[in-house]
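What follows is a single structure, written as structure tokens, with notes after it.
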């Protein structure tokens, strides 16, 4: 049997949060710094105070918009084996490819992330089976050695080359969004206008808590919506700082932001797929730092899954992050607890494996270790299968008291379905472990990364496609960099 | 004895994060004709105590913010009792502060502004999403000693570098000191882009400002 979803809110509590949200939307409103979105909302009947860029959205408009978003959709990868079918049941993991810093694989020291790292991280993520929806370097505002204005274009090209999976785009601003969509259409081999039929790109838009939508990201969001490309609207409140200290109050702020984003998307292009997303957590009040590995982040994921299920929308969560600066025990438990909570609650797309230091830093080793946790989580999600064959009363009777089950066909038949085999975790005897070099998991992970980088060869891009993408990168450079 | 009581009340009000009571004590100090400079000094002492407790992990960020707000409310009233000349003499320096363009986060920046004010700096807050030009214009206009720029997101970190480069280009690199801060900012980044100072939180930012100006 499939396991029951983990819940933290009762049905009445979900309705209370929904009602509180509608009240905030109608009475307090939300600030949107982007004029097209303001106009669209005004035309649809929202109250818009143009001077203060404040929008108050009537309940019916929000509720109608939410209903227009699909419950399921498919994202198409370059290699069809990696297509991802999103619905309200399945759980997918998306590792983080690039953050401003990375832990160097050889020295173990923190340094800036380069384009070569983006290529290597993408490659590792592409090789690992439980990672279906990787973040891509495209979303990195800064890649060392590349001008910020064109980082997205270089990152798209290099991610497409090194990954057979879906390459995520950025919505940082209108032009960058258009660039990503254009490059994705080259890979799909169709016009930009056709891309929405078989989307091979999606993006994430983050409102700025509390209750604000930035100009750049909102204009980028509209570009994706115009083409019907999936958009993950993820709110990132910090309880106590950018939202009430109470988790219920924070969920209300979060819900107000997400529903506003979804309303904008559905008004631009009804039926555009969306994720209902959270990256919310608490602020650590001793340090003024976002605590992404906190157990409260786990609770936000659970509540977000429940709210998304209430609105019948696919959900996105944030887990496997940690405040630890190194891959230590703290990193291990913060990652495992948040991943397990998010997945058991039924979050459909779980983001952030591979990160350290509240996601300022990525690590190659973390990418493969977190993948191992994802494998364990998948096993947990599968639950316990109970039927005549698995109850095995006949077998128990034939083996009888004092017998053994190792030599039974039943054992071989069911083994791989019932037991998960971790790849990196050590379960050997001490003698064997010592004979194999007495390696710490971090060393094992480093070896695994090196092995993947040496052996894994992604399916190459067609020559013509690669040439066309390179041409686009050149064009973007010419447009953005005055010195050229 | 009466003199001490009102000042002590003010100190207590700040230590209890009580804005209304801080305002009441400040008004009383003015009415009683007590030395306002002494009152501000006492209030600063109280806010430093809060800052120290915060750094020791005894108090948390909301305490720091509320005590800062109480301090600000009291100072605003007390300043009325100080002559313009004396105010200028007490001024430790002029600071232009803001969150850089592309970023609309303001909580950390506001805490820093409050802490700077409570340490005796005159602070001009330009708000959020502030273009580089606006920082420079305002700094020139008020003859600033420091430009303090904040960026929470890694996305807007490079703007801090651009700000420093723009100052150099305009030959203003020596005229205005630059202090940076924000969630994604580190001392390392400050060194890399050649900022004069970095503070990881409000109280530290105030210390850094004093150090930069030798105040």
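Quick notes
- Any chance residue B:67 is out of contact with any strand residue (DSSP E or B) (no Cβ under 8 Å at 6 or more places or on another chain), part of a helix (DSSP H, G or I), without any contact (Cβ under 8 Å) to a residue 60 or more places away in the chain and under 28 Å from residue A:282 (Cα atoms): yes
- Matching residues in the range B:53-91 - criterion: being facing another protein chain (nearest Cβ under 10 Å) and under 18 Å from the mean Cα position of the chain (by Cα): B:54, B:55, B:61, B:62, B:63, B:64, B:65
- Considering the range B:92-104, the residues that are out of contact with any helix residue (DSSP H, G or I) (no Cβ under 6 Å at 6 or more places or on another chain) and under 13 Å from residue B:209 (Cα atoms) include one that is nearest to the other protein chains (Cβ to nearest Cβ), namely B:92.
- Looking at B:133, B:85, B:128, B:119, just one residue is without any contact (Cβ under 8 Å) to a residue 40 or more places away in the chain and surrounded by 15 or more Cβ atoms within 10 Å (Cβ to Cβ), and that residue is B:128.
- Matching residues, the range A:338-362, being crowded, with 24+ Cβ neighbours inside 10 Å and in a loop (DSSP other than H, G, I, E, B): A:345, A:346, A:347, A:348, A:352, A:353, A:354
- Counted as qualifying within the range A:1-72 are the strands (runs of 3 or more DSSP E) with 2 or more residues that are surrounded by 15 or more Cβ atoms within 10 Å (Cβ to Cβ), namely A:30-32, A:54-56.
For every residue, the table says whether it meets (1) surrounded by fewer than 22 Cβ atoms within 10 Å (Cβ to Cβ); (2) outside the structural domain of residue B:191 (by TED's automatic domain parsing); (3) under 29 Å from residue A:359 (Cβ atoms).
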| position | (1), (2), (3) |
| --- | --- |
| B:71 | no, yes, no |
| B:76 | yes, yes, no |
| B:102 | no, no, yes |
| B:113 | no, no, yes |
| B:140 | yes, no, no |
| B:143 | yes, no, no |
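- Residues of the range A:243-295 that are within 30 Å of residue A:36 (Cβ to Cβ), without any contact (Cβ under 8 Å) to a residue 60 or more places away in the chain and within 14 Å of chain B (Cβ to nearest Cβ): A:243 alone.
- Restricting A:240, A:298 to residues that are within 14 Å of another protein chain (Cβ to nearest Cβ) and either in contact with a helix residue (DSSP H, G or I) (Cβ under 9 Å, 6 or more places away or on another chain) or farther than 25 Å from residue A:192 by Cα (or both) narrows the list to A:240.
- Selection count, the range B:180-209, where residues are more than 11 Å from chain A (Cβ to nearest Cβ) and free of Cβ contacts under 8 Å to residues at least 60 places away in the same chain: 12
- The residue of the range A:290-319 that is surrounded by the most Cβ atoms within 10 Å (Cβ to Cβ), among those that are outside any helix (DSSP H, G or I) and out of contact with any strand residue (DSSP E or B) (no Cβ under 7 Å at 6 or more places or on another chain), is A:293.
- Output for the range B:105-120, where each listed residue is over 15 Å from residue B:61 (Cα atoms) and within 14 Å of chain A (Cβ to nearest Cβ): B:105
The values are calculated or read from the model by the stated rules, or taken from the named source; none is laboratory data. Everything numeric here is computed off the predicted structure, so don't read it as measured data. Quick reminder, even Gly has a Cβ in these numbers, built from the backbone with ideal geometry, and neighbours come from all protein chains shown.
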